[in-house]
Amino acid sequence: MIEAVKVEGLSYSYSDGTKALEGIDLTIYKGEKVVVVGPNGAGKTTFFLHLNGTIKNPAGNITVFGRSISEMRIEERIHEVGVVFQDPDDQLFMPTVFDDVAFGPVNMGLEENEVKKRVIKALLKVGLEGFETKVPHNLSYGQKKRLALAAVLSMEPKVLVLDEPTANLDPKSRADFISLINELNERDGITTIIAMHDVNALPELANRVYVLNRRIVAEGSPRKIFSDWELLRENNLEAPDVFKLFKVLNCFGYSSDDLPLSFDEAIQILTRTIEGKDGHIHLHVHEHTHKELSDVVNSYNHHRNNGKK
């Protein structure tokens with residue numbers, strides 16, 4: 001496999017001496033979909049800003065496709081790694097949609113015809129074709145999110161980094177944005193690295209998950225990470241709602257080795273189970289049910305329990 005991003009021993013402290021990152025080691029391969037999760041203040045945004053050289057890293061311990069970020073010119077860095085911020089208003093500052101999307105290619109020194117071609121292509125990818133003359137400030141929040149993404153796509157990055165891409169989106173916009181990210185990964189081959197708290201969307205966007213809490217505390221498949229109750233509790237994380245529901249069903253006698261992480265998986269597993277049991281699922285209460293339920297609830301309600309102390 002080709003290494004897209006490799007980080008070795010990355011540490012960083014803020015100006016007041018507070019440790020933000022400690023000895024980060026990770027490798028992300030070409031074409032992967034990786035999600036980074038962690039509590040607030042875990043260093044996710046700081047880590048992302050290292051990946052495209054916004055935060056300078058003289059040690060040179062970040063490489064993208066084998067090249068050190070610290071040795072690249074800015075035009076090369078933004079072509080290799082594109083970062084989409086959580087709040088699109090932090091990224092949109094030009095008078096028109098066209099100007100915002102053209103800003104990167106212009107600063108890469110591209111010819112006018114190539115800039116126009118890239119703007120049209122990027123807007124088409126995010127579904128904003130025909131918006132060229134509109135004022136970004138007047139767009140809906142979901143449209144601004146897509147515009148911020150288009151502004152990065154116009155630089156044709158090999159690696160796409162997204163900070164909380166589904167935050168504050170309505171259900172339809174959220175679903176559309178998830179589909180768009182997956183399309184960019186699967187159709188265009190863009191490696192995607194995503195930070196998010198939206199654990200219900202995470203299984204659709206991740207092949208692998210890193211848990212970051214100033215340092216890398218765990219790595220694995222979404223199923224492995226969400227099955228580790230202690231890991232979630234210690235890092236103030238949640239599991240997808242459908243996963244927790246099936247843990248509850250297990251307490252009532254429903255047996256399934258593979259608990260679903262998404263709504264679609266839940267349908268498949270339930271259908272398969274019912275078809276194998278003559279069209280019925282039998283739930284019951286036994287002598288250990290209430291104890292098992294209590295354990296499950298306590299395992300996944302650590303936020304609520306902490307709030308009571």
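The values are calculated or read from the model by the stated rules, or taken from the named source; none is laboratory data. All values derive from a computational prediction rather than experimental measurement. Virtual Cβ from ideal backbone geometry, glycine too; neighbours counted across all protein chains shown. All accessible areas refer to the heavy atoms of the entire protein, side chains included, with ligands and DNA or RNA removed. Shrake-Rupley method; radii C 1.70, N 1.55, O 1.52, S 1.80 Å.
If HIS303 satisfies every condition in (1) modelled with pLDDT of 80 or more; (2) under 25 Å from LEU205 (Cα atoms); (3) in a helix (DSSP H, G or I); (4) of a type outside the set (Gly, Ala, Ser) but one, which is the exception?
(1)
When you scan the stretch 245-280, how many residues do you find that are outside any helix (DSSP H, G or I), of a type in the set (Asp, Glu) and under 29 Å from the mean Cα position of the chain (by Cα)? First the steps, then the outcome.
The first filter runs over the stretch 245-280 and keeps only residues outside any helix (DSSP H, G or I), leaving 252-262, 276-280.
Subsequent filtering for residues that are of a type in the set (Asp, Glu) retains 257-258, 278.
Subsequent filtering for residues that are under 29 Å from the mean Cα position of the chain (by Cα) retains 257-258.
Count: 2.
So which of LEU237, LEU283 is open to solvent by less than 60 Å² (accessible area, probe 1.4 Å) and part of a loop (DSSP other than H, G, I, E, B)?
LEU237
Scanning for something touching a residue at least 40 places away in the same chain (Cβ under 8 Å), open to solvent by less than 50 Å² (accessible area, probe 1.4 Å) and among the aromatic types (Phe, Trp, Tyr), does the stretch 220-230 turn up at least one residue?
no
Please list, ordered by first then second residue, the pairs with beta carbon atoms under 7 Å, 6 or more apart or interchain, first in the stretch 148-175 and in contact (Cβ under 8 Å) with a residue 40 or more places away in the chain and charged (D, E, K, R), second in a loop (DSSP other than H, G, I, E, B) and surrounded by fewer than 23 Cβ atoms within 10 Å (Cβ to Cβ).
LYS158/PHE65; LYS158/ILE190; ASP163/PHE85; ASP163/GLN86; GLU164/GLN86; GLU164/MET196; GLU164/HIS197
Run ARG215 past the list (1) at pLDDT 95 or above; (2) charged (D, E, K, R); (3) within 30 Å of ASP170 (Cα to Cα) and report the number of the one that doesn't hold.
Here ARG215 meets the rest and fails (3).
Would you tally the residues in the stretch 27-46 being outside any loop (DSSP other than H, G, I, E, B) and modelled with pLDDT of 95 or more?
Within the stretch 27-46, residues that are outside any loop (DSSP other than H, G, I, E, B) and modelled with pLDDT of 95 or more number 8.
Taking interchain pairs and intrachain pairs at least six residues apart, which have beta carbon atoms under 7 angstrom, with the first residue in the stretch 59-83 and under 20 Å from ALA151 (Cβ atoms) and the second among the basic types (Lys, Arg)?
Note: pairs meeting the criteria are GLU80/LYS158.
For the stretch 145-176, which positions are in a helix (DSSP H, G or I) and crowded, with 20+ Cβ neighbours inside 10 Å?
Going residue by residue through the stretch 145-176, those that are in a helix (DSSP H, G or I) are 145-153, 171-176.
Of everything in the stretch 145-176, those that are in a helix (DSSP H, G or I) and crowded, with 20+ Cβ neighbours inside 10 Å turn out to be LYS145, ARG146, LEU147, ALA148, LEU149, ALA150, ALA151, VAL152, LEU153.
What number of residues in the stretch 88-122 are over 13 Å from THR133 (Cβ atoms), assigned to a loop (DSSP other than H, G, I, E, B) and polar (S, T, N, Q)?
Matching residues across the stretch 88-122 total 1.
Would you confirm whether any residue within the stretch 246-258 is open to solvent by less than 50 Å² (accessible area, probe 1.4 Å), in contact with a Phe, Trp or Tyr (Cβ under 6 Å, 6 or more places away or on another chain) and not β-branched (Val, Ile, Thr)?
No: zero hits.
So ILE24 passes all but one of these: (1) without any contact (Cβ under 8 Å) to a residue 40 or more places away in the chain; (2) among the β-branched types (Val, Ile, Thr); (3) farther than 30 Å from TYR141 by Cβ. Which condition number does it fail?
Here ILE24 meets the rest and fails (1).
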